[in-house]
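The values are calculated or read from the model by the stated rules, or taken from the named source; none is laboratory data. Here the structure is a predicted model, which means the values were calculated and not measured. Every residue, glycine among them, receives a Cβ derived from its backbone with ideal geometry; neighbour counts consider all protein chains shown.
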Amino acid sequence: MFERIMRDQKATPKELITGAERFAAERAGENPTFTAHAKTWLNAGRWAVTSPHRGMRRHGRTAGSRLARSKP
């Protein structure tokens, strides 16, 4: 992935590293289950995303909302 991004001149190494550092800081302390895999992150061009929620689908639910609804 990295090589393809460099070859296609979609980003510089510095842009990728800066984006990865920003993403790591945003995800610090969060559930790793919901952290994008590196390949997914690169494919989506997320190094250029400045807001943690820009370009991501939001469902407006809390983690336990489905469980709360399913209880009688």
Would you mind stating whether Ala20 is at pLDDT 85 or above and surrounded by fewer than 10 Cβ atoms within 10 Å (Cβ to Cβ)? no
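Please go through region 1-15 and give me each residue that is assigned to a helix (DSSP H, G or I) and modelled with pLDDT of 90 or more, ordered by number.
Pro13, Lys14, Glu15
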Filter region 45-72 down to residues that are of a type in the set (Gly, Ala, Ser) and within 21 Å of Met1 (Cα to Cα) and give me whichever is modelled with the highest pLDDT. Gly45
Subset of region 16-44, residues among the basic types (Lys, Arg) and either over 19 Å from Arg4 (Cβ atoms) or not in a helix (DSSP H, G or I) (or both), comes to Arg22, Arg27
